[in-house]
Amino acid sequence: MATETVDGASALSHLPPGLRQLLDRLPHDTGVYLLRGDAGQMLYIGKAKNLFSRVRSYFSRAGGDMRAFVPLLEHLVLDVETIVTRNEKEALLLENNLIKQHTPRFNVMLRDDKSYLVLRLDAAREYPRLEVTRRIRDDGAHYFGPYHSASACRQTLRLVNRHFQLRTCSDRTLATRKRPCLQHQIQRCLAPCVLELDREAYHQHVRDVTLFLRGRDEELMLDLDRRMRQAAAALQFERAARIRDQIEALRSTRLSQQVVDESLVDQDVFGIHREGDQADLAVLLVRQGKLVGRRPYSLSEQEFPDDELLSGFISRFYLDVAESGELIPPRILVPLELEDAEAKSQWLADLRRQQGLTGAVEIRVPQRGPRLKLLELARQNARSNFATRRSRETDMEQALARLQRRLRLSRTPHRIECFDISGFQGQMVVGSMVLLVDGEPQRAGYRHFTIQSERKDDFAAMYEVLARRLKRAPRWPLPDLLVVDGGKAQLSMALAALADAGVPESERPDVVGLAKERDDPVPPGASTEANTRPERVFLPRVKDPVVLRPHSAELFLLTRVRDEAHRFAIAHHKQMRKRQTLRSGLDDVPGIGLKRRRELLRSMGSLKRIRSATVEELASVPGMTLRAAEAVAAYFARSGADED
């Protein structure tokens, strides 16, 4: 992997540093990319299964893309925007919409909407039929799709015709036909053109088709199963057999359809990703059931809670939308409850009335279903934008400087080490050390410590871990900031370890203790919020702890390193418990290593068989010697005597 990174970096070494850094931060997800030139001019829009690999291939001189415009991109492209989608089909549809919207310079233009097909079902007709069309209209009919290929659309239509028996002829043919056609003879149509039919029975087929194309297969199969049993009870065995065949067809064919919202309600979907006081928001624009675009926004120095941050952003966003003349949609999806949601809905409805639109604006927090998946997609886009568009170096430099000022540290904490202790009822106590350099984890510097002293309490364990780490100071550079997980007692242990290790005062790192947020017992009638103790930072020779502001960059940095140390310690402790649980009865036999244990178990089959084997049988196992066999026999003889 390291070789690939180096090779990839060298392949782009001819690019300007800004563009090269942007390409290095591209997501590895599926989605759409937009290449922009001077003054934001749209140059090219494309889709990719892996955005990172695809976009970088345009700028690699060994990329192999022979299209005439590709060599020009490294001179013209100044910015790259990405939109993450859930799958390649969504990327294909979004690419099509964006090309029509922006008409990029190097894309092949599509003159109309004839790229994708949809299925239309007008349930208001006397005898509805399922038909293929290329345009979606607000005419009260049900639309299903769009389909990424004509073959997929036609295959679905054939499946419906085979198992649900709706008419396939046109309205004119329906009115003029004199006798049933071939479709009726092969039992794929009920022939409403010439036969007397129960209209309610025909519309039951229509409802079945609607459930099937909406993807509600389980609901449909339960209803079909109920009708099959009713037909069998009424001795209508042919009808029951036909319904049975429908159920079997549904079970064998589970088509995943991308369903257009039948109500054709336009909606905006908000996603948020934040790290401390830095936040990115993504707004997905969904129009007539299709994702047509995304708008990313980056915010800095925002220490507001998430709900306040999102509420304020929505206000500014829709003021800009109204001023630009764009229409405000009637539905907004957000990831968390807003305290002023009702007032904001009324305000947005007033803005819509000023635009000549009627109806309320609903602000929803989906809990399940397709809309929840849309929210997750918006959050994924916000996270991708955070990783791609921001200068992580600049943000982290500012966060480290603020941490130094807030805690009055002697130097900027570019190198931070954090220590944590993990144990279970005083057993198998372990310590962990993690390292962050300029805010980024350096896993090569992570270390585990198995506590060796007889005292197993957290304070003695913390002292031992720090003492052992400080002994390695010549080989392991001392950090700028040393963080211990805990309060004053753990901080005292860290200071004692530094003093006992003989580290000169001028070379000692800054030391702080970080105590987790916790809830104290609540007296009767008291508020629970008043008894919540936030994250506290303990400093040497300072009586009261420092309470960092929620959502601040400095608190995010400290809790990140503390949580990473906690995770690393617990992972090691779980591994120790697992090894202890799976410990073999041969582990304590002197002279029997891992290879001999495996051979003994492979040859003998079980520990019980090894225990009862003779020395000669043990010595005959591959890899065993007579001396090793005698050691195994003597060990089990002693253990058997001890048990007696």
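Laboratory data are not the source of any read-out in this text; all were calculated from the coordinates shown. Note that the coordinates shown come from a computational prediction; the quantities given were computed from them, not determined experimentally. Cβ coordinates were reconstructed from backbone atoms using ideal geometry, including for glycine residues, and neighbour counts include every protein chain displayed.
Some points to look at:
- For segment 435-447, the Karplus equation 6.51 cos²θ - 1.76 cosθ + 1.60, evaluated at θ = phi - 60°, returns couplings of 10, 10, 10, 6, x, 10, x, 10, 5, 5, x, 6, 9 Hz by residue, with Gly and Pro reported as x.
- Contour minus Cα-Cα distance for residue 414 and residue 70 (0.36 nm per residue): 119.7 nm
- Note that segment 32-43 has calculated 3J(HN,Hα) couplings of 10, 10, 10, 9, 10, x, 5, 6, x, 4, 7, 9 Hz, one per residue in order, obtained from phi through the Karplus relation 6.51 cos²θ - 1.76 cosθ + 1.60 (θ = phi - 60°); glycine and proline are x.
- Whole-Hz couplings from phi, Karplus 6.51/-1.76/1.60, listed for segment 227-232; x for Gly and Pro: 5, 5, 5, 5, 5, 5
- If R0 is taken as 30 Å, the Cβ-Cβ distance between residue 357 and residue 316 corresponds to a FRET efficiency of 0.90.
- Cβ-defined net charge surrounding residue 318, 15 Å radius [Lys, Arg +1; Asp, Glu -1]: -2
- Amide H partners (placed H, <5 Å) of residue 535, local residues excluded: 517
- Qualifying GluC sites (Glu not before Pro) in segment 409-518, where qualification requires a DSSP coil assignment and no more than 11 other C-beta atoms within 10 Å, comprise 454, 517.
- Overall form of segment 594-643 per C-alpha gyration tensor (a/c, 1.5; a/b vs b/c): prolate
- Taken along its three principal axes, the alpha carbon spread of segment 267-389 comes to 40, 28, 28 Å, from the longest extent down to the shortest.
- Loop-located trypsin sites (Lys or Arg not before Pro) in segment 460-501, at most 13 other Cβ atoms within 10 Å (DSSP): 472, 475
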